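Student: Have a look at this one.
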There are 2 protein chains.
Amino acid sequence: MSFLDRIRECNQVNLRRFRPFIVVGAQVGYVRTDIAALLKYFRDTFDVTREAVILNPDLGDFDERSAAMKPVVEALVEDGAITAPRGELYPVATHFTAAPLMALERAAVPAFGVRAYGVHMNGFVQRKGGIEMWIGFRAKDKPTFPGMLDNMVAGGQPMGISLQENLIKECAEEAAIPRELAILATPVGAITYRTESTDGLKPDVQFCYDLELPGDFVPRNTDGEIEHFELWPIEQVMETVAETTKFKFNCNLVIIDFLVRHGLIPPDDPDYLEIVRGLRQ
Amino acid sequence: MSFLDRIRECNQVNLRRFRPFIVVGAQVGYVRTDIAALLKYFRDTFDVTREAVILNPDLGDFDERSAAMKPVVEALVEDGAITAPRGELYPVATHFTAAPLMALERAAVPAFGVRAYGVHMNGFVQRKGGIEMWIGFRAKDKPTFPGMLDNMVAGGQPMGISLQENLIKECAEEAAIPRELAILATPVGAITYRTESTDGLKPDVQFCYDLELPGDFVPRNTDGEIEHFELWPIEQVMETVAETTKFKFNCNLVIIDFLVRHGLIPPDDPDYLEIVRGLRQ
């Protein structure tokens with residue numbers, strides 16, 4: 001077991017089972033063959049060919065396209081292809097800062113292989129003996145990855161809010177970190193990966209933040225998503241990431257990136273260059 | 001002009017003009033067509049085909065291979081294909097921590113398109129008003145990139161010395177940074193690029209370090225390679241990188257990586273994700 005195993009687990013995909021999802025002439029995602037078969041029944045919304053799934057170009061603007069996707073998502077929920085709708089809308093666009101072409105229910109994003117974005121924050125304490133990191137234990141009744149380990153704060157990036165405001169909101173909800181502390185979080189880069197999940201494809205980007213916390217700060221979850229937090233010596237975090245799959249899959253990458261940036265993985269480690277490149281595939 | 005321009009300038013290559021360079025059955029580099037033509041005269045050393053340049057597999061070990069390359073390098077120097085031999089040996093290997101297959105004069109490394117490694121260090125001072133960075137002005141009589149701007153400390157990675165020892169040595173030679181300060185430099189990742197130069201191909205890796213220096217520390221060059229140092233506000237560094245080509249090409253990438261990791265390029269910059277990925281191609 002190694003850090004590279006965690007990176008590989010986030011990059012498992014066989015694209016031959018997927019077809020490009022085309023909106024307004026541009027590819028914005030990937031649809032798996034079995035999901036494409038279900039979309040054939042929506043003849044007014046999609047042109048499903050052997051080569052691609054094409055959203056009807058007669059849907060002329062953001063609102064029309066978003067409205068057309070709603071009954072499709074409802075049908076996919078009924079068919080069981082999508083589980084647990086979140087009631088949260090994600091933008092569909094060609095890239096992060098491009099104007100969204102339509103909105104899509106968050107739980108349906110992998111079914112269309114649309115790139116999702118999120119914010120993940122490493123909360124840590126610097127002590128004389130070394131770095132300690134706050135670890136979240138996900139609630140056992142959370143629909144996704146129940147009971148797994150998590151970064152101190154993390155959340156998907158919904159429409160209509162900046163990355164920093166989203167991070168501040170998640171800091172408050174997930175760990176009761178006050179705004180005046182949360183705004184001190186430093187953006188430090190991004191990790192990218194592309195992996196298959198049971199509900200489709202996740203070609204995702206997570207923007208990473210570091211926040212050094214005062215030694216006496218104790219986080220407290222307010223939204224029921226995290227059961228409790230523990231402050232671990234960084235060596236325990238490293239061992240858990242390298243040797244187990246206890247962390248939610250993408251949280252491993254956020255931690256490995258932290259370890260690289262803070263000099264905790266030495267550059268003469270035989271895997272170093274593969275790790276550095278593997279975090280951004 | 002933008003940070004992406006600097007990244008693109010470090011990744012300009014037309015591989016159709018190159019052939020793989022094969023040593024002991026593995027590709028270790030690329031040879032440009034015109035250089036391959038010169039190598040044909042060394043029939044005992046190379047098999048030059050349309051598809052590849054293959055080192056004679058009868059050269060049975062490190063010493064034999066290294067010795068066979070010596071007269072080749074001398075001839076290439078005479079032909080003007082290699083300028084300014086350094087008298088410094090670089091390892092040729094399939095990857096950084098693999099056993100070297102042979103040694104090669106540093107100045108000949110691009111002619112064989114062999115991956116070279118180096119260490120680059122951002123030396124900075126944290127003040128109330130923000131970060132300041134030490135900038136090196138390369139000597140006007142330096143054979144490579146005379147008069148250009150440079151990171152505070154940087155050097156190629158020769159054989160038989162660890163990355164950290166090399167950095168400590170370069171810290172002493174280039175900026176008179178004492179060992180007890182140099183060992184505090186943090187390894188923070190690596191940048192990679194692949195670019196053509198007049199003398200061949202540079203598919204290089206630079207290991208990056210950060211060193212926060214005391215506010216009263218003043219560097220002093222001891223080996224004649226740096227003419228003088230200046231301490232610049234980080235805004236001036238950013239503007240110079242974004243708007244000019246005054247820095248030696250790869251130093252720009254080391255600084256851009258610093259700017260990302262220290263939150264000085266905001267993640268909602270439209271180029272952010274392309275920058276983050278572009279630093280490791």
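Student: Any chance the stretch A:237-245 includes a residue that's within 23 Å of B:Pro187 (Cβ to Cβ), within 14 Å of another protein chain (Cβ to nearest Cβ), of a type in the set (A, V, I, L, M) and free of Cβ contacts under 8 Å to residues at least 60 places away in the same chain?
Tutor: There is no residue in the stretch A:237-245 that is within 23 Å of B:Pro187 (Cβ to Cβ), within 14 Å of another protein chain (Cβ to nearest Cβ), of a type in the set (A, V, I, L, M) and free of Cβ contacts under 8 Å to residues at least 60 places away in the same chain.
Student: Of all strands (runs of 3 or more DSSP E) completely enclosed by the stretch B:198-253, which ones contain at least 2 residues that are open to solvent by 10 Å² or more (accessible area, probe 1.4 Å)?
Tutor: Ranges flagged: B:205-212, B:226-233.
Student: How about the stretch A:261-274: which of its residues are surrounded by fewer than 23 Cβ atoms within 10 Å (Cβ to Cβ) and in a helix (DSSP H, G or I)? Let's see the steps before the verdict.
Tutor: Keep residues of the stretch A:261-274 that are surrounded by fewer than 23 Cβ atoms within 10 Å (Cβ to Cβ), which gives A:262-266, A:268-274.
Across the stretch A:261-274, the qualifying residues are A:Tyr272, A:Leu273, A:Glu274.
Student: Would you tally the residues in the stretch B:175-194 being away from chain A (no Cβ under 13 Å) and open to solvent by 10 Å² or more (accessible area, probe 1.4 Å)?
Tutor: Looking only at that region, the number is 5.
Student: Within the stretch A:254-281, how many residues turn out to be touching a Leu at 6+ places or on another chain (Cβ under 6 Å), more than 7 Å from chain B (Cβ to nearest Cβ) and not acidic (Asp, Glu)?
Tutor: Number satisfying all stated conditions: 2.
Student: Does B:Arg115 qualify as being within 30 Å of B:Glu174 (Cβ to Cβ) and either open to solvent by 30 Å² or more (accessible area, probe 1.4 Å) or within 18 Å of the chain's Cα centre (by Cα) (or both)?
Tutor: So B:Arg115 fits the description; yes.
Student: So B:Lys142 clears everything in (1) surrounded by 15 or more Cβ atoms within 10 Å (Cβ to Cβ); (2) under 27 Å from B:His228 (Cβ atoms); (3) within 14 Å of another protein chain (Cβ to nearest Cβ) except one condition, right? Which one?
Tutor: Only one criterion in (1) surrounded by 15 or more Cβ atoms within 10 Å (Cβ to Cβ); (2) under 27 Å from B:His228 (Cβ atoms); (3) within 14 Å of another protein chain (Cβ to nearest Cβ) is unmet by B:Lys142, namely (3).
Student: While we're on this one: Could you look through the stretch B:120-139, keep only residues that are surrounded by fewer than 14 Cβ atoms within 10 Å (Cβ to Cβ) and of a type outside the set (Gly, Ala, Ser), and pick out the one that is nearest to B:Tyr90 (Cα to Cα)?
Tutor: B:Gln126
Student: Of everything in the stretch A:145-171, what is touching a strand residue (DSSP E or B) at 6+ places or on another chain (Cβ under 9 Å), at pLDDT 95 or above and open to solvent by 30 Å² or more (accessible area, probe 1.4 Å)? Give them in sequence order.
Tutor: Selection gives A:Pro146, A:Gly147, A:Met148, A:Gln164, A:Lys169.
Student: Could I ask something else about it? What are the residues in the stretch B:87-116 that are farther than 14 Å from B:Ala26 by Cα and outside any loop (DSSP other than H, G, I, E, B), if any?
Tutor: Selection gives B:Leu89, B:Tyr90, B:Pro91, B:Ala103, B:Leu104, B:Glu105, B:Arg106, B:Ala107, B:Ala108, B:Pro110, B:Ala111.
Student: Here is a further query. For the stretch A:65-97, how many residues are within 19 Å of the chain's Cα centre (by Cα) and either among the hydrophobic types (A, V, I, L, M, F, W, C) or open to solvent by less than 60 Å² (accessible area, probe 1.4 Å) (or both)?
Tutor: The qualifying residues number 9.
Student: For the stretch A:73-125, what are the residues that are of a type outside the set (Gly, Ala, Ser) and within 14 Å of chain B (Cβ to nearest Cβ)?
Tutor: Those that are of a type outside the set (Gly, Ala, Ser) and within 14 Å of chain B (Cβ to nearest Cβ): A:Pro91, A:Thr94, A:His95, A:Phe96, A:Thr97, A:Arg115, A:Tyr117, A:Val119, A:His120, A:Met121, A:Asn122.
Student: When you scan the stretch B:1-86 for strands (runs of 3 or more DSSP E) that lie fully inside it, which ones turn up with 1 or more residues that are basic (Lys, Arg) and in contact with a Ser or Thr (Cβ under 8 Å, 6 or more places away or on another chain)?
Tutor: Passing ranges, in order: B:18-23.
Student: With respect to A:Val119, is the statement that it is over 27 Å from A:Leu181 (Cβ atoms), at pLDDT 95 or above and not in a loop (DSSP other than H, G, I, E, B) true?
Tutor: So A:Val119 fails the test.
The values are calculated or read from the model by the stated rules, or taken from the named source; none is laboratory data. From a predicted model like this one, the values you see are computed outputs, not experimental measurements. Methodologically, a virtual Cβ is constructed for each residue, glycine included, from the backbone with ideal geometry; neighbour enumeration extends over all protein chains shown. Just so you know, the surface numbers come from the protein's heavy atoms only, side chains and all, with ligands and any DNA or RNA stripped out. Shrake-Rupley method; radii C 1.70, N 1.55, O 1.52, S 1.80 Å.
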